[in-house]
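Input: a single structure, listed below in structure tokens.
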Amino acid sequence: MKLTISVIKADIGSIGGHLCPSQRLMETVNAYVTEHGANLLLDSYISYTGDDIAIVSTHERDPNDAEVHKLCWDAFMAGTRAAKDQGLYGAGQDLLKEAFSGNVRGMGPAVAELRFDERPNEPFLFFAADKTDPGAYNLPLYLAFADPMNTPGLMLSPGMSEGFRFVIMDVNYTEGDRVIELNAPEDLYGIATLLRDTERYVVESVWSRSTGEQAAAISTSRLHNIAGKYTGKDDPVMLVRVQKDFPATGEVLAPYAIGPYVAGAMRGSHQMPLMPVPLNSGISYFDGPPVVSCAAFAMQRGKMTEPVDAFAHPFWDTVRDAVARKAIDMRRQGFFGAAMLPMSELEYTGIMEKLKTLDERFVVRAESTHALPHRAIATARVG
Ligand code: F6R
Ligand code: MG
Ligand code: MG
């Protein structure tokens with residue numbers, strides 16, 4: 001059976017600043033999808049990660065389907081009304097356009113969709129991250145799909161021996177989708193060269209080279225490119241098919257034990273370690289740390305089982321402790337050096353205004369005392 005899994009997520013308001021949505025908001029979105037999606041969807045699942053609500057749905061339409069996207073947009077609109085009514089902070093903040101037009105891409109919500117022929121048993125993973133951007137998945141995807149040190153399946157499983165194709169997007173390019181296709185293992189150094197720059201190059205999808213099937217879909221939206229100003233971090237979602245010709249669930253999860261530093265946390269402007277958290281976790285320390293959740297599903301004819309909370313297992317408590325220590329260590333250096341993002345990635349304009357005022361106060365001395373010794377050395381060398 002050919003079907004599509006769609007994840008559409010948005011921040012439409014939360015309690016206590018940017019911590020997590022209210023129960024009523026969750027119920028409103030859920031009720032809307034259940035009621036209005038009855039004849040359109042095969043199944044749906046709604047969860048939150050930090051201040052973002054994600055609608056996972058299965059259906060027989062293609063990706064970017066107008067009706068599926070409109071259903072989610074309208075559910076977020078209904079949620080926004082409830083959020084405003086409750087006085088939630090940032091009510092409707094990710095719904096950047098006035099009216100729905102065609103599909104939600106470029107309108108604020110993040111989207112990841114996978115279309116495939118359902119296998120007789122179909123396991124897949126749904127990831128959602130908050131207080132960070134899509135580049136946060138670059139390292140976990142590289143390790144899971146291209147590195148035999150992480151994924152023994154690349155050596156052991158015949159269905160994986162040809163490797164995987166990475167489609168990588170230049171998210172700074174705003175005129176359209178600027179993408180490159182690179183094959184692991186032969187383009188490994190090229191893939192690494194791009195993926196190290198998490199703010200510019202992000203994995204959009206991964207494909208099996210043995211079967212041609214899509215293995216992973218990642219949301220790549222850059223909110224500040226859409227809105228032209230600070231609107232929060234992009235808080236990406238991702239779908240990954242697992243097992244058999246794809247990496248095993250454990251191979252896809254393993255890289256999250258690293259707790260790598262990613263862009264985000266407070267005011268979307270810092271470097272903080274990514275913490276794997278249980279489903280429906282909120283945000284706390286320093287408007288962070290950036291978090292990622294993972295719901296694992298099995299599926300038959302588009303009907304999903306209940307989710308298994310992949311990061312709720314006791315193993316991840318140790319990882320969380322290590323990540324918390326890394327986060328506190330980084331915060332000890334405040335605004336200094338690597339703790340904050342480079343100027344181009346700071347999510348607020350205040351610093352640019354401050355720099356402008358300071359720039360006007362700089363003076364160039366008539367006589368440069370500082371440069372003299374260098375000049376003297378240069379003259380001495382020439383002489
Ligand atoms: C939001 C976020 C937070 C906010 C911060 C200030 O996703 O990352 O760190 O940026 O709480 O929020 P405002 O500017 O809305 O008061
Ligand atoms: Mg968020
Ligand atoms: Mg937010």
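The values are calculated or read from the model by the stated rules, or taken from the named source; none is laboratory data. The model shown is predicted, which means the values in this text are computed figures rather than measured ones. Cβ sites come from the backbone with ideal geometry, for glycine too, and all protein chains shown count toward neighbours. With ligands, DNA and RNA removed, areas are computed over all heavy atoms of the protein, side chains included. Shrake-Rupley method; radii C 1.70, N 1.55, O 1.52, S 1.80 Å.
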Hey, Ala295 exposed (fewer than 12 other Cβ atoms within 10 Å of the Cβ), in contact (Cβ under 8 Å) with a residue 60 or more places away in the chain and aliphatic (A, V, I, L, M) or not: no
Members of segment 82-127 that are in a loop (DSSP other than H, G, I, E, B), under 23 Å from Asp309 (Cα atoms) and open to solvent by less than 20 Å² (accessible area, probe 1.4 Å): Glu122
Filtered residue count, segment 128-160, keeping only those that are on the phi < 0 side of the Ramachandran plot and not in a helix (DSSP H, G or I): 12
Residue in segment 35-45 that is open to solvent by 10 Å² or more (accessible area, probe 1.4 Å), away from ligand 1 (no atom under 16 Å from the Cβ), over 22 Å from the mean Cα position of the chain (by Cα) and under 27 Å from Asp133 (Cβ atoms) present: no
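Table: residues versus (1) within 20 Å of the chain's Cα centre (by Cα); (2) more than 17 Å from Pro260 (Cβ to Cβ); (3) surrounded by 12 or more Cβ atoms within 10 Å (Cβ to Cβ); (4) modelled with pLDDT of 95 or more.
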| position | (1), (2), (3), (4) |
| --- | --- |
| Gly302 | no, yes, yes, yes |
| Ala338 | no, no, no, yes |
| Ala371 | no, yes, no, no |
| Thr379 | no, yes, no, no |
Residue ID - farthest from ligand 1 (Cβ to nearest atom), chosen from residues in segment 254-294 that are more than 15 Å from the chain's Cα centre (by Cα) and aliphatic (A, V, I, L, M): Ala254
Total residues in segment 48-64, condition away from ligand 1 (no atom under 16 Å from the Cβ), in contact with a Cys (Cβ under 7 Å, 6 or more places away or on another chain) and not β-branched (Val, Ile, Thr): 0
Options Val206, Val167, Val252; residue that is among the aliphatic types (A, V, I, L, M), closer than 21 Å to Phe126 by Cα and in a helix (DSSP H, G or I): Val252
Within segment 224-245, tally of residues that are on the phi < 0 side of the Ramachandran plot, modelled with pLDDT of 95 or more and in a loop (DSSP other than H, G, I, E, B): 3
Among (1) among the charged types (D, E, K, R); (2) over 17 Å from Leu141 (Cα atoms); (3) surrounded by fewer than 24 Cβ atoms within 10 Å (Cβ to Cβ) - the single one Asp245 does not satisfy: (2)
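Here is a yes/no grid of residues against (1) closer than 20 Å to Phe126 by Cβ; (2) free of Cβ contacts under 8 Å to residues at least 12 places away in the same chain; (3) in contact with a Phe, Trp or Tyr (Cβ under 9 Å, 6 or more places away or on another chain); (4) not aliphatic (A, V, I, L, M):
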residue: Met1; (1), (2), (3), (4): yes, no, no, no
residue: Ser6; (1), (2), (3), (4): yes, no, no, yes
residue: Gly13; (1), (2), (3), (4): no, no, yes, yes
residue: Cys20; (1), (2), (3), (4): yes, no, yes, yes
residue: Val29; (1), (2), (3), (4): yes, no, yes, no
residue: Ala38; (1), (2), (3), (4): no, yes, no, no
residue: Ser47; (1), (2), (3), (4): yes, no, yes, yes
residue: Ser57; (1), (2), (3), (4): yes, no, yes, yes
residue: Asp65; (1), (2), (3), (4): yes, no, no, yes
Criterion violated by Asp51 - all others in (1) more than 22 Å from the chain's Cα centre (by Cα); (2) within 15 Å of ligand 2 (Cβ to nearest atom) satisfied: (1)
Residue match in segment 246-265 (condition: within 12 Å of ligand 2 (Cβ to nearest atom), modelled with pLDDT of 95 or more and among the acidic types (Asp, Glu)): no
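Here's the yes/no breakdown for (1) part of a loop (DSSP other than H, G, I, E, B); (2) under 23 Å from Cys20 (Cβ atoms); (3) out of contact with any Leu (no Cβ under 7 Å at 6 or more places or on another chain):
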{"site": "Cys294", "(1), (2), (3)": "no, yes, no"}
{"site": "Arg320", "(1), (2), (3)": "no, yes, yes"}
{"site": "Arg325", "(1), (2), (3)": "no, no, yes"}
{"site": "Gly334", "(1), (2), (3)": "yes, no, yes"}
Near pairs, Cβ below 8 angstrom, 6+ apart or cross-chain, from segment 232-249 (over 30 Å from Tyr348 (Cα atoms)) to any residue that is polar (S, T, N, Q) and outside any loop (DSSP other than H, G, I, E, B): Arg241/Gln214; Val242/Thr249; Gln243/Thr249; Asp245/Ser208; Phe246/Ser208
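For every residue, the table says whether it meets (1) under 22 Å from Val111 (Cβ atoms); (2) not polar (S, T, N, Q).
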{"position": "Glu199", "(1), (2)": "yes, yes"}
{"position": "Ala215", "(1), (2)": "yes, yes"}
{"position": "Ile218", "(1), (2)": "yes, yes"}
{"position": "Gln243", "(1), (2)": "no, no"}
{"position": "Ala257", "(1), (2)": "no, yes"}
{"position": "Pro260", "(1), (2)": "no, yes"}
{"position": "Asn280", "(1), (2)": "yes, no"}
{"position": "Tyr285", "(1), (2)": "no, yes"}
Odd one out for Tyr173, checked against (1) open to solvent by less than 20 Å² (accessible area, probe 1.4 Å); (2) among the hydroxyl-bearing types (Ser, Thr, Tyr); (3) modelled with pLDDT under 95: (1)
Failed criterion for Lys9 (all others in (1) among the basic types (Lys, Arg); (2) over 23 Å from Pro289 (Cα atoms); (3) not in a loop (DSSP other than H, G, I, E, B) hold): (2)
Per-region count, segment 264-292, residues buried (at least 24 other Cβ atoms within 10 Å of the Cβ) and under 30 Å from Gly153 (Cα atoms): 7
